[in-house]
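Chemist: Submitted below is the structure of interest, expressed as C-alpha cells.
The values are calculated or read from the model by the stated rules, or taken from the named source; none is laboratory data. No experiment lies behind these values; they were computed from the predicted model shown. Cβ sites come from the backbone with ideal geometry, for glycine too, and all protein chains shown count toward neighbours. Surface areas here come from the heavy atoms of the whole protein model, side chains and all, with no ligands, DNA or RNA. Shrake-Rupley method; radii C 1.70, N 1.55, O 1.52, S 1.80 Å.
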Amino acid sequence: MVGRRSLCSLPTLQGQPHSGRSRLCAAGALKYIAVVSSSLSKRSADFRQVAPLSPWGSLPQAVRALYVTTPAFPAGPLADLLATDRAMTVSLDVCLAAQVALGRLRDESFDVVLVQHAPPELDALEFVEAHRSTGADGPLLVLGRQPESILAPLCYEVGADAYLVEGQASARQIAWAIGRATQWHALVRDNRRLRDLERKRVRLEHGEAERLLAQQRGVLCGLEELSRGNDLKAANDPLPAFAPEFDPATNMPASLITGYRELLRAYVIMGSGNLAAETTALVLALAEANSSAPQVMYLHVLVLEETIRGLGGRSARHVMARADLLVLEVMAQLVERYRQSGF
C-alpha cells in the first residue's frame, strides 16, 4: 500500500499548472503502485516455485537421481526440463547401459532412479524387475513415449512407482512423482521397522509369560516335593523321589477342571466383584474333593496354559494377572474352609 509520504515525494514539474501537476502526480503514483505490485507478485511466484506447500506432503529440496537411458535418448532435454522448476534441485547422473546401471545401484546410493523405456536397446520393464529382484525398495520412475493407459499398468506390475509420458510431463509433475514416491517408500520402511519392533515385543512378552508359568510350575514341584517328604517322614518308609511327570489333577473330577476353566475365563472378563458366589461354589467343591494345595496349583497352571495359548503378549499378561488373583482368592478361601472344618 502506498502511503501519503510516498505520494508527496513523487516528482512534480515546477511552473506547470495546478491541474497538470495533479495529473503528473497521479500518473506517478499509479506507476509506483504498479511497480510495487509487480515486485510482490514476482516474489510470491518465486516462493511458490521454490517451496510448494501441500497438505498431502512436500517436495525434497534436493535429490540425486540416476538416469538410465540410451544414446538415442540423451539426458540433455530431461536435465533442461528439470532445471526450469526451482521447486526441487535434481543432480542427474547418466548411465547408458542397463548392466552398468545395475552395478552402480549395487555400489552407490541414489534418491531416485529414472529409466528410459526404449526397447529393444533398453527395456525399462526388464530393468525394473531386475532391480527389484535384488531387494531394492527406493523410488523408481519410468519415462517413455508409449501411451500411459498401455504402459503404466505394466510398470506398476513390475514394481515401478510411476510412468511419465515423455514430452507431456511437466517439470513439476516429475518433481511431485519423485516426491510422492520418496514419501511412499519412507512410509513403507517405517511400517516395516514398526512391524519388526512389534513382533520383537510380542516375542519378549510371550517369553515373559512362559517364564512366569515356569516359575509357577517350579512352585508346584516344590509343593509336591514337600508333600512327599512329609509322607515319607510320617510313614518312615522309603518312597521313590518326586517324579516331574506326576499329575495330581488326574485324581480330581473332570467337573472341577471344567468349572475352574469356566471360572477363570469369566474372572478375566468380569473380575472378582461379580463372581463371589461362583468362586465360593468352586471352593466348596474343591473342599469336598479333599483337594490339596499341589492339586489346586496344578489345576491352575494347567488351565492357565490352555487359556493364554495363542493370545498376544498384552492379552497374555492381562490374563495371567487376573489368574494370579483368582488362585490367591481360591487358596485363601480353601485354607479357611479347611481351618473351619478342623483339618
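Chemist: State all residues of the stretch 152-177 that are on the phi > 0 side of the Ramachandran plot and either open to solvent by less than 40 Å² (accessible area, probe 1.4 Å) or touching a residue at least 60 places away in the same chain (Cβ under 8 Å) (or both); if no residue qualifies, say none.
Modeler: First pass over the stretch 152-177, keeping only residues on the phi > 0 side of the Ramachandran plot: 159, 167.
Listed by number, the list holds a single entry, 159.
Chemist: Taking residue 199, is it at pLDDT 90 or above and more than 23 Å from residue 295 (Cβ to Cβ)? Break it down stepwise before answering.
Modeler: Working: at pLDDT 90 or above: no; more than 23 Å from residue 295 (Cβ to Cβ): yes.
So residue 199 does not fit the description; no.
Residue-wise test of (1) open to solvent by less than 50 Å² (accessible area, probe 1.4 Å); (2) under 32 Å from the mean Cα position of the chain (by Cα); (3) at pLDDT 85 or above; (4) over 30 Å from residue 200 (Cβ atoms).
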site: 271; (1), (2), (3), (4): yes, no, no, yes
site: 278; (1), (2), (3), (4): no, no, yes, yes
site: 286; (1), (2), (3), (4): yes, no, yes, yes
site: 294; (1), (2), (3), (4): yes, no, no, yes
site: 299; (1), (2), (3), (4): yes, no, yes, yes
site: 325; (1), (2), (3), (4): no, no, yes, no
site: 331; (1), (2), (3), (4): yes, no, yes, yes
site: 337; (1), (2), (3), (4): no, no, yes, yes
site: 342; (1), (2), (3), (4): no, no, no, yes
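Chemist: Go through (1) over 36 Å from the mean Cα position of the chain (by Cα); (2) open to solvent by 50 Å² or more (accessible area, probe 1.4 Å) for residue 309 and report which single condition fails.
Modeler: Just one mismatch for residue 309, condition (1).
Chemist: Ok, one more. Considering each of 150, 178 in turn, give the residue that is at pLDDT 90 or above and closer than 22 Å to residue 82 by Cβ. Even if it seems obvious, please write down each step before you answer.
Modeler: Numbers: 150 fails: closer than 22 Å to residue 82 by Cβ.
Step by step, each of 150, 178 is checked, and only 178 is at pLDDT 90 or above and closer than 22 Å to residue 82 by Cβ.
Chemist: A further question on this structure: What is the residue count in the stretch 283-341 for residues that are of a type in the set (S, T, N, Q) and either in a helix (DSSP H, G or I) or touching an Asp or Glu at 6+ places or on another chain (Cβ under 7 Å) (or both)?
Modeler: The initial filter retains those residues of the stretch 283-341 that are of a type in the set (S, T, N, Q), namely 290-292, 295, 307, 315, 333, 340-341.
Add one more test, that the residue is either in a helix (DSSP H, G or I) or touching an Asp or Glu at 6+ places or on another chain (Cβ under 7 Å) (or both), and what stays is 295, 307, 315, 333, 340-341.
Counting residues in the stretch 283-341 that are of a type in the set (S, T, N, Q) and either in a helix (DSSP H, G or I) or touching an Asp or Glu at 6+ places or on another chain (Cβ under 7 Å) (or both) gives 6.
Chemist: Also, quick follow-up: Go through the stretch 80-91 residue by residue and tally those that are in contact with a strand residue (DSSP E or B) (Cβ under 6 Å, 6 or more places away or on another chain) and either without any contact (Cβ under 8 Å) to a residue 12 or more places away in the chain or open to solvent by less than 40 Å² (accessible area, probe 1.4 Å) (or both).
Modeler: If we filter the stretch 80-91 for residues that are in contact with a strand residue (DSSP E or B) (Cβ under 6 Å, 6 or more places away or on another chain), which is where we start, we get 82, 89-91.
Among the residues that remain, those that are also either without any contact (Cβ under 8 Å) to a residue 12 or more places away in the chain or open to solvent by less than 40 Å² (accessible area, probe 1.4 Å) (or both) are: 82, 90.
Number satisfying all stated conditions: 2.
Rundown of residues vs (1) over 36 Å from the mean Cα position of the chain (by Cα); (2) assigned to a loop (DSSP other than H, G, I, E, B); (3) under 14 Å from residue 174 (Cα atoms); (4) at pLDDT below 90, yes/no style:
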site: 40; (1), (2), (3), (4): yes, no, no, yes
site: 47; (1), (2), (3), (4): no, no, no, yes
site: 59; (1), (2), (3), (4): no, yes, yes, yes
site: 86; (1), (2), (3), (4): no, yes, yes, yes
site: 92; (1), (2), (3), (4): no, no, yes, no
site: 104; (1), (2), (3), (4): no, no, no, no
site: 115; (1), (2), (3), (4): no, no, yes, no
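Chemist: Which pairs do you get when a residue that is closer than 30 Å to residue 309 by Cβ, found in the stretch 178-205, comes within reach of a residue that is surrounded by 11 or more Cβ atoms within 10 Å (Cβ to Cβ), reach meaning Cβ atoms under 7 angstrom, with the pair 6+ apart or on two chains?
Modeler: 201/313; 202/312; 202/313; 205/313; 205/314; 205/316; 205/317
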